[in-house]
Amino acid sequence: MSTEKDSEQKEAPATEKKQVPAKPEEQLPKFEKDLADKVVAKFGEKTEVEFVKPDRIRINVKKDNIKEVAEFIRDDLGFDHAESVSGVDYPEDKEIEVVYHLGSYTDPQLSKQILTLATRAPREDDPKPGNDSTRLPTLREIFYSVEFHERECFEMLGVYFDGHPDNRRLLLPEDWADLPPLRKDFSIKGR
């Protein structure tokens, strides 16, 4: 048994779609956007702002420009230390990304801000840390607090930091001869 409502629904053209109201433009937080804009104004195409969120900014930079951008972030924007340094292995891109999370102890306006500065190094399939192209310039002379973090990236991902005062292993035995353990192609032997 068919009702009048059913026949109206059947007769409606198949191309008719519901109108979804457009979302209003997302407002970027002004303070963070101003910081990101200063980096872009200074370095232009040498940098890429990946995101601007409340208390968070991410800036990608090529490895050749990382020291120059880091010095500007420290000297002109007031980020005075690295809170952490981490790495991500991208074997499909043949790159390893190193990510610096920068903060400030001295500027109260920046106390909650985290500026992420990221760069990438070429990834060797057969790594020889310190003797291959998986190298980046150290930021140790810019942010003293990266000293142990860069050492950890060196041994765990195989990224050698040119100019670092102490590129010794930190966690693994000195005679470690396997792949760096945070590489995606690392597997535990004997299990």
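Here is how the numbers come out for the structure above:
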| item | result |
| --- | --- |
| Only listed residue being modelled with pLDDT of 95 or more, aliphatic (A, V, I, L, M) and over 18 Å from the mean Cα position of the chain (by Cα), chosen from LEU110, LEU102 | LEU110 |
| Scope segment 52-71; condition within 17 Å of GLN109 (Cβ to Cβ), out of contact with any Pro (no Cβ under 6 Å at 6 or more places or on another chain) and surrounded by fewer than 16 Cβ atoms within 10 Å (Cβ to Cβ); matching residues | LYS53, ASP55, ARG56 |
| Candidates VAL39, VAL49 - the one that is closer than 23 Å to ALA121 by Cα, buried (at least 18 other Cβ atoms within 10 Å of the Cβ) and out of contact with any Asp or Glu (no Cβ under 6 Å at 6 or more places or on another chain) | VAL39 |
| Given (1) more than 29 Å from ASP185 (Cα to Cα); (2) surrounded by fewer than 22 Cβ atoms within 10 Å (Cβ to Cβ), number of the condition ALA118 does not satisfy | (1) |
| All positions within segment 91-115 that are surrounded by 14 or more Cβ atoms within 10 Å (Cβ to Cβ) and farther than 18 Å from ASP64 by Cα | HIS101, LEU102, GLY103, SER104, LEU110, GLN113, ILE114, LEU115 |
| Which listed residue is more than 30 Å from LYS33 (Cβ to Cβ) and either among the charged types (D, E, K, R) or under 17 Å from the mean Cα position of the chain (by Cα) (or both), from PRO91, PRO173 | PRO91 |
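Rundown of residues vs (1) of a type in the set (Gly, Ala, Ser); (2) assigned to a loop (DSSP other than H, G, I, E, B); (3) in contact (Cβ under 8 Å) with a residue 60 or more places away in the chain, yes/no style:
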site	(1), (2), (3)
LEU136	no, no, yes
HIS149	no, no, yes
MET156	no, no, yes
PHE161	no, no, no
PRO165	no, yes, no
PRO173	no, yes, no
TRP176	no, yes, no
LEU182	no, yes, yes
ASP185	no, yes, yes
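The values are calculated or read from the model by the stated rules, or taken from the named source; none is laboratory data. Everything numeric here is computed off the predicted structure, so don't read it as measured data. Reconstructed Cβ throughout: ideal geometry from the backbone, glycine too, with neighbour counts over all protein chains shown.
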